Structure formats: structure tokens, C-alpha cells
Amino acid sequence: MRVLGIAVISVDGCLTRHAESDVSFASAEDQREFRRAVRECRATVMGRRTFDLVRERILGSTDRSLLRTILTREPSRYVDLAQPGRVEFSDADPREILRSLSDRGYQSVAVLGGAEIYDLFTAEGLITEWQITVEPRLFGTGTRILTRAADPALTLVEHRLLNASTLLLRYRVG
Ligand SMILES: NC(=O)c1ccc[n+]([C@@H]2O[C@H](COP(=O)([O-])OP(=O)(O)OC[C@H]3O[C@@H](n4cnc5c(N)ncnc54)[C@H](OP(=O)(O)O)[C@@H]3O)[C@@H](O)[C@H]2O)c1
């Protein structure tokens with residue numbers, strides 16, 4: 001199964017600017033690439049804290065063909081928000097989630113973060129590709145893309161300027 005990690009970061013590897021929770025530093029060009037990559041996958045996985053930031057958009061979305069799996073250790077808290085096949089909450093381990101998606105016919109999954117979820121999937125060696133946008137920012141502090149020790153082998157397969165200073169990098173893992 002193709003498992004694509006997607007992130008936008010500062011040059012110094014931050015997913016967020018300082019203690020800010022949103023990703024308003026992402027350029028419009030990055031957001032366009034993000035949407036394109038997600039559309040290609042049809043299934044996404046994200047952490048509950050990332051979900052909280054975009055929950056209105058997700059719950060209000062009319063796109064019935066995209067399945068979002070939200071990882072939480074307390075899925076019972078979200079039964080009222082669940083929409084089977086569209087928005088699902090799970091405490092299954094990452095391998096089990098991918099197996100279940102594969103059994104349901106999904107061939108590509110986008111892993112959308114945040115850091116805890118990138119850590120989790122990276123520790124299990126499950127991410128097969130990364131799409132990382134590097135914005136021309138240096139934050140010094142913020143949530144890092146990975147917070148646990150890791151060192152997956154990455155092979156660069158694409159690099160492209162999205163505007164004068166924003167760089168899109170695509171890597172194959174391994
Ligand atoms: N720049 C980017 O591309 C990008 C992308 C995504 C997110 N972000 C940013 O990253 C921040 C959020 O990242 P984060 O690391 O704090 O949180 P997160 O990864 O979005 O979510 C963490 C939550 O996921 C659930 N979780 C974690 N491990 C789990 C496991 N093994 N099983 C079941 N559930 C599990 C827990 O939910 P419960 O607490 O409900 O149990 C945990 O609190 C936000 O500021 C967001 O804006 C940036």
C-alpha cells in the first residue's frame with residue numbers, strides 16, 4: 001500500500017510557528033499541492049489534535065468519496081461525530097488501520113500528521129513516501145515534524161519550486 005506522509009515545514013523543520021496551533025504560514029501554492037495529493041489518495045489518517053483544528057471543515061464537507069480516519073485513544077467520545085466511510089475515529093494500531101483500509105479497497109493513504117502521528121507511522125516503518133513543502137521561514141521554536149529519534153532512508157524523487165521561495169520535495173522511503 002502507498003502511504004504518503006504530507007507536511008509543510010519551515011526551513012528548520014517546524015510544523016508550527018512557535019506555539020501557534022495552525023499552519024497559516026503555509027503558502028497558497030502549498031495548499032493547492034496538499035489538496036491535489038489528498039485527492040489522489042482518497043483516504044487520510046490524522047491525529048485528533050490536527051482534526052480539532054479543521055473539524056468544522058471536515059464535518060461540513062460534502063465530499064463523500066474521501067475517508068478520514070482520526071486517531072484517538074478515546075474513540076467513544078466521538079461516536080456522535082462519526083460518519084462511517086467518511087469520518088471514522090479509531091484507536092487501532094497503525095498497521096491494523098492500513099490493513100483495514102486495504103481490505104476496503106484503498107490503495108493509497110495520506111498521513112496528515114501532526115507530529116505524534118508522523119512519529120507513530122515512522123516508528124513502524126509504514127510511510128512509503130513523503131511530500132514535504134519547505135516554506136522560506138526559520139521559526140527557531142515550534143512543533144517538529146518528528147519528535148522521536150528516527151532516520152529512515154529517503155530517496156529524492158522530485159523537487160520543484162512552487163513559487164519564488166517555496167520548495168516542494170518528494171521522497172521515496174528506502
Ligand atoms: N505543518 C503541517 O504540515 C502540519 C500537519 C499536521 C498538523 N500540524 C500541526 O501539528 C499540531 C498537532 O500535532 P500533535 O503532534 O500535537 O497532535 P496530533 O498528532 O495531530 O494528534 C495527537 C493525538 O492523536 C491521538 N493519538 C496519538 N497516538 C495515538 C495512538 N497510538 N493511538 C490512538 N490515538 C493516538 C491522541 O488523541 P487523543 O488525545 O484524543 O487520545 C493524541 O492526542 C497542530 O498544531 C497542527 O497545526 C501541522
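Before moving on, here are some points about what is shown:
- Taken over the stretch 1-52, the criterion of being over 29 Å from ALA82 (Cα atoms) and of a type outside the set (A, V, I, L, M) is satisfied by SER10, ASP12, GLY13, CYS14, ARG17, HIS18, PHE25, SER27, GLU29.
- Residue match in the stretch 52-59 (condition: loosely packed, with under 14 Cβ neighbours inside 10 Å, within 12 Å of the ligand (Cβ to nearest atom), more than 30 Å from GLY140 (Cα to Cα) and not small (Gly, Ala, Ser)): no
- Residue count for the stretch 1-18, restricted to those that are more than 9 Å from the ligand (Cβ to nearest atom) and either part of a loop (DSSP other than H, G, I, E, B) or surrounded by fewer than 16 Cβ atoms within 10 Å (Cβ to Cβ) (or both): 7
- Every residue from the stretch 21-32 that is surrounded by 13 or more Cβ atoms within 10 Å (Cβ to Cβ) and under 27 Å from SER90 (Cα atoms): SER21, VAL23, GLN31
- Filter result (more than 10 Å from the ligand (Cβ to nearest atom), closer than 23 Å to ALA164 by Cβ and either in contact (Cβ under 8 Å) with a residue 60 or more places away in the chain or not polar (S, T, N, Q) (or both)) within the stretch 19-40: SER27, ALA28, GLU29, ARG32, GLU33, ARG35, ARG36, ALA37
- ALA43 vs. criteria of a type outside the set (S, T, N, Q), surrounded by 14 or more Cβ atoms within 10 Å (Cβ to Cβ) and within 13 Å of the chain's Cα centre (by Cα): yes
- Within the stretch 53-73, restricting attention to residues that are in contact with a Lys or Arg (Cβ under 7 Å, 6 or more places away or on another chain), not in a strand (DSSP E or B) and not hydroxyl-bearing (Ser, Thr, Tyr), the residue that is nearest to GLY105 (Cα to Cα) is LEU66.
- For the stretch 84-142, the set of residues classified as among the hydrophobic types (A, V, I, L, M, F, W, C), in a loop (DSSP other than H, G, I, E, B), within 9 Å of the ligand (Cβ to nearest atom) and under 21 Å from PRO152 (Cβ atoms) consists of LEU112 only.
Where a number appears in this text, it was derived from the coordinates with a stated rule and is not lab data. Because the structure is predicted, anything quoted here is derived from the model rather than measured. Every residue, glycine among them, receives a Cβ derived from its backbone with ideal geometry; neighbour counts consider all protein chains shown.
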